[in-house]
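The values are calculated or read from the model by the stated rules, or taken from the named source; none is laboratory data. Values in this document were obtained by computation on a predicted structure and should not be read as measured data. Methodologically, a virtual Cβ is constructed for each residue, glycine included, from the backbone with ideal geometry; neighbour enumeration extends over all protein chains shown. Ligands, DNA and RNA are excluded from the accessible area calculation, which covers all protein heavy atoms including side chains. Shrake-Rupley method; radii C 1.70, N 1.55, O 1.52, S 1.80 Å.
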Amino acid sequence: MLCGSWQSVAADGAAVPPGELKGCLSRAASLYVLASITVSYLAGASAPTPLYPVYQGEWGFSSMATSFVFGIYAIAVLGALLVAGRLSDYVGRRPVLIAATLIQAATMLLFAFADGLSDLIAARVIQGVATGAGIAAVGAGMLDMDKARGAVANAVAPGAGTALGGMLGGLMVHYLPAPTHLVYFVLSAIFAAQVIGLLFVPELMPRRAGAMASLRPRFSLPAVTRQPLMMAAPVLIAVWALAGLYGSLAPLIVRTSFGLDASFAGGIALFALAAPGFISVLLTQQVAARTLMIYGAITLFIGVALAVSSLPYHSATAFFVGTALAGSGFGTGFQGAIKAVVPLAAPQQRAGVLSVIFVVSYVSMGVPAVIAGYLVARSGDLFLTARWFGAVVMLLALLALTGTLRSTPPKEVDVNPLHTP
């Protein structure tokens with residue numbers, strides 16, 4: 001590796017201070033590299049959404065198949081999280097991230113040269129495995145670099161990546177040639193550049209025994225994080241279930257209800273959900289976790305109600321306004337969950353805690369999306385499915401709001417950037 005560890009020892013036996021290792025990036029620069037990887041992972045995951053109508057036209061598969069392709073990705077992420085989610089706590093963040101990001105770069109080429117549904121499914125599975133293996137490691141790595149800014153980055157980056165992928169895919173499909181190739185070539189090049197960047201990111205998590213044992217699936221949490229996660233679970237389930245609906249069926253919704261171009265407007269719908277999310281996170285960095293979850297639940301409820309209500313009236317304006325409100329609830333609710341849970345864990349437990357959070361998130365995203373696709377394929381009534389889906393998300397938002405209001409405000413972990421070591 002070009003860069004060593006900040007636990008390295010100088011010739012006189014003293015620890016080398018952060019940023020003084022030759023060839024290493026600073027903590028701040030390393031945090032940006034890691035955040036960019038999270039953005040790219042989520043952008044790569046959402047980039048196929050605007051392309052689903054193109055694939056359907058070329059290969060002739062159904063809405064159920066589209067939801068299955070989306071859902072199989074979430075299942076693959078889940079499996080990788082359960083197996084490899086804690087690995088970076090034992091072997092270090094950087095080796096896991098280099099391997100996962102290299103696989104991401106190769107997987108983009110599989111997407112680019114896919115010529116049928118089976119190729120698309122295979123690419124989504126491999127992409128999910130790489131994302132699941134890397135997402136907990138990169139999240140924990142950002143917290144290693146800076147607990148305060150890392151917590152914010154963990155909440156901002158998923159929304160930013162989802163928004164970027166949806167927008168990038170939609171614009172390229174609509175305005176540029178080779179829509180099923182170009183976006184993947186761009187993403188593959190970005191992943192390759194990030195692998196090079198990782199060579200200069202110092203390793204803050206020393207190797208320790210137990211790497212092989214960590215590969216045994218285990219769904220457990222440190223005791224101090226269990227009650228906060230139980231309180232945050234309804235918010236996590238609600239926001240990620242909504243993301244699953246938009247990621248799988250948004251193109252069909254905007255085409256059927258509003259008569260808009262499915263590829264372009266589908267990508268814009270995903271952008272409209274995700275962009276307000278990461279903007280809200282940036283604007284509420286200093287807000288307490290409990291307040292964030294209350295605001296997130298309320299805004300999510302109102303936004304989903306407006307978006308679903310707009311469908312029978314074919315009001316694209318109301319739909320996108322409701323989507324933006326729901327997106328704001330997504331970002332703040334997810335940030336509140338991260339701030340309430342992850343900083344409580346010790347550094348060597350963070351990847352495992354993040355793995356559990358992402359397991360809950362991806363189950364919530366994948367399973368409802370597949371069910372929604374099945375219901376649309378079976379009944380042919382997209383609006384009815386969307387109303388039922390929206391009702392479930394709204395109920396979860398109410399449960400989250402009620403639980404948060406009735407709970408005793410937890411002792412806040414100091415995440416002020418001015419107070420971090």
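Could you list, in sequence order, the residues of the stretch 141-171 that are more than 16 Å from PHE278 (Cα to Cα), open to solvent by 20 Å² or more (accessible area, probe 1.4 Å) and either polar (S, T, N, Q) or modelled with pLDDT under 85 (or both)? Matches in the stretch 141-171: LYS147, LEU168. Annotation: of all residues in the stretch 82-118 being outside any helix (DSSP H, G or I) and in contact with a Leu (Cβ under 7 Å, 6 or more places away or on another chain), the one that is most open to solvent (accessible area, probe 1.4 Å) is LEU87. Scanning the stretch 372-404 for residues that are of a type in the set (A, V, I, L, M), farther than 27 Å from ALA155 by Cα and either surrounded by fewer than 17 Cβ atoms within 10 Å (Cβ to Cβ) or within 22 Å of the chain's Cα centre (by Cα) (or both) yields ALA377, LEU384.
Looking across the stretch 336-383, the residues that are of a type in the set (Gly, Ala, Ser) and under 25 Å from LEU405 (Cα atoms) come down to GLY336, ALA337, ALA340, ALA345, SER361, SER364. Between SER407, SER355, the distinction of being under 22 Å from the mean Cα position of the chain (by Cα), modelled with pLDDT under 85 and of a type in the set (Ser, Thr, Tyr) belongs to SER355 only. The criterion of at least 1 residues that are closer than 15 Å to SER46 by Cβ and in contact with a Gly (Cβ under 9 Å, 6 or more places away or on another chain) is met by the following helices (runs of 4 or more DSSP H) wholly inside the stretch 206-304: 223-258, 262-283. Might you let me know whether the stretch 329-349 holds any residue that is basic (Lys, Arg), crowded, with 24+ Cβ neighbours inside 10 Å and either touching a strand residue (DSSP E or B) at 6+ places or on another chain (Cβ under 6 Å) or touching a residue at least 24 places away in the same chain (Cβ under 8 Å) (or both)? Yes: the stretch 329-349 contains one or more residues that are basic (Lys, Arg), crowded, with 24+ Cβ neighbours inside 10 Å and either touching a strand residue (DSSP E or B) at 6+ places or on another chain (Cβ under 6 Å) or touching a residue at least 24 places away in the same chain (Cβ under 8 Å) (or both). The set of residues from the stretch 33-64 being among the aromatic types (Phe, Trp, Tyr) and open to solvent by 10 Å² or more (accessible area, probe 1.4 Å) comprises TRP59, PHE61. Summed over the stretch 173-198, residues that are surrounded by 15 or more Cβ atoms within 10 Å (Cβ to Cβ) and either touching a residue at least 40 places away in the same chain (Cβ under 8 Å) or not in a helix (DSSP H, G or I) (or both) total 16. When ALA223, ALA232, ALA243 are checked against the criterion of being open to solvent by less than 20 Å² (accessible area, probe 1.4 Å) and more than 16 Å from TYR52 (Cβ to Cβ), a single residue qualifies: ALA232. Is it the case that ALA274 is buried (at least 23 other Cβ atoms within 10 Å of the Cβ), among the hydrophobic types (A, V, I, L, M, F, W, C), in contact with a Phe, Trp or Tyr (Cβ under 9 Å, 6 or more places away or on another chain) and on the phi < 0 side of the Ramachandran plot? The answer is yes for ALA274.
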